[in-house]
1. Conditions: (1) out of contact with any strand residue (DSSP E or B) (no Cβ under 8 Å at 6 or more places or on another chain); (2) surrounded by 20 or more Cβ atoms within 10 Å (Cβ to Cβ). Tyr2 meets all but one. Number of the miss?
2. Which residue out of Val252, Val208, Val176 is closer than 24 Å to Ser111 by Cβ and touching a helix residue (DSSP H, G or I) at 6+ places or on another chain (Cβ under 7 Å)?
3. Among what's in region 5-41 and is outside any helix (DSSP H, G or I) and of a type in the set (Lys, Arg), pick the residue that is surrounded by the fewest Cβ atoms within 10 Å (Cβ to Cβ).
4. Which condition from (1) surrounded by 19 or more Cβ atoms within 10 Å (Cβ to Cβ); (2) under 14 Å from the mean Cα position of the chain (by Cα); (3) among the β-branched types (Val, Ile, Thr) is the one that Ile158 breaks?
5. When residues of region 178-203 are filtered for being modelled with pLDDT of 95 or more, surrounded by fewer than 17 Cβ atoms within 10 Å (Cβ to Cβ) and on the phi < 0 side of the Ramachandran plot, how many remain?
6. Condition first: among the acidic types (Asp, Glu), in a helix (DSSP H, G or I), in the same structural domain as Pro122 (by TED's automatic domain parsing) and more than 19 Å from Cys120 (Cβ to Cβ). Can you find one or more residues in region 235-245 that meet it?
7. Give just the number: which of (1) surrounded by fewer than 15 Cβ atoms within 10 Å (Cβ to Cβ); (2) part of a helix (DSSP H, G or I); (3) polar (S, T, N, Q) does Thr51 not satisfy?
8. Within region 69-104, restricting attention to residues that are at pLDDT 95 or above and of a type in the set (D, E, K, R), which residue is nearest to Ser28 (Cα to Cα)?
Amino acid sequence: MYAFDYLKPSTLDDAAAALAREDAQAISGGQTLIPTLKARLAQPSALVDLTGIAEMRGIAVADGTVTIGGATCHAAVAGSAEIRAAFPALCDLAGRIGDPQVRNRGTIGGSVANNDPSACYPAAVLGTGATVVTNSREIPADEYFQGMFTTALEEGEIVTALRFPVPQKAAYAKFVQPASRFALTGVFVAKYSGGVRVAVTGASEKGVFRWAEAEAALSTEFSEGSLAGLSVPADGMIGDIHGSPDYRAHLVGVMTRRAVAAAG
């Protein structure tokens, strides 16, 4: 690693001021950033630790909405009785991220801010049409994700919370890459009174995306049979040592059917 200053503010205002320093970098769980620093692929002048900000931690369920503070770790989401009662699919997703060490250090805000193309939380955020709350505004999920590792966040902007509208039915189906525990392909399906949303992670070179054809079919009839004959093109899918573009395109259909079956 390179030398840098370490700052741990206790308020959002102090964090924003610290991030205004030239080349300052926010850190929450650090599950992506720390390996990046070890590999000397980043050279921040200061790390601004967001985990000391009390208002960024915690879970609330009210009026059909699950609100999770940006500095809340995956293990807290997975183990929340409140979320389990209202939105069990979100607990299930959080409980399958990485391993126990990752789940106890990684945070939902850090995952959404990083927007790794194979991360699980972006599928839940886009799949539910959640709202990304920052220290300066609220961003709808459909406007937030803008490509691989790219979001609508501006320089120094902090993800303070995520607000999920509770669906009538939902499930997340994940084909795990066994070494990293990331999603080789993962699909989050959520049914609402106004229709169905389907979000796919781990498959596309552009990052998380919605599968419009599946949404239309499932909004007409929420069943595995509605997906018969539907597929996504392999063009633009990720190809690597773990799977070809054709394989990932195939997995999108398989995982979507599994998610629908699990949602009931």
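1. (2)
2. When all the criteria are applied, what remains is Val208.
3. The selected residue is Arg40.
4. (2)
5. Final tally of qualifying residues: 3.
6. There is no residue in region 235-245 that is among the acidic types (Asp, Glu), in a helix (DSSP H, G or I), in the same structural domain as Pro122 (by TED's automatic domain parsing) and more than 19 Å from Cys120 (Cβ to Cβ).
7. (1)
8. My answer is Arg103.
The values are calculated or read from the model by the stated rules, or taken from the named source; none is laboratory data. Since the structure is predicted, the reported quantities are computational estimates derived from the model, not experimental observations. We place every Cβ from the backbone using ideal geometry, glycine too, and count neighbours over all the protein chains shown.
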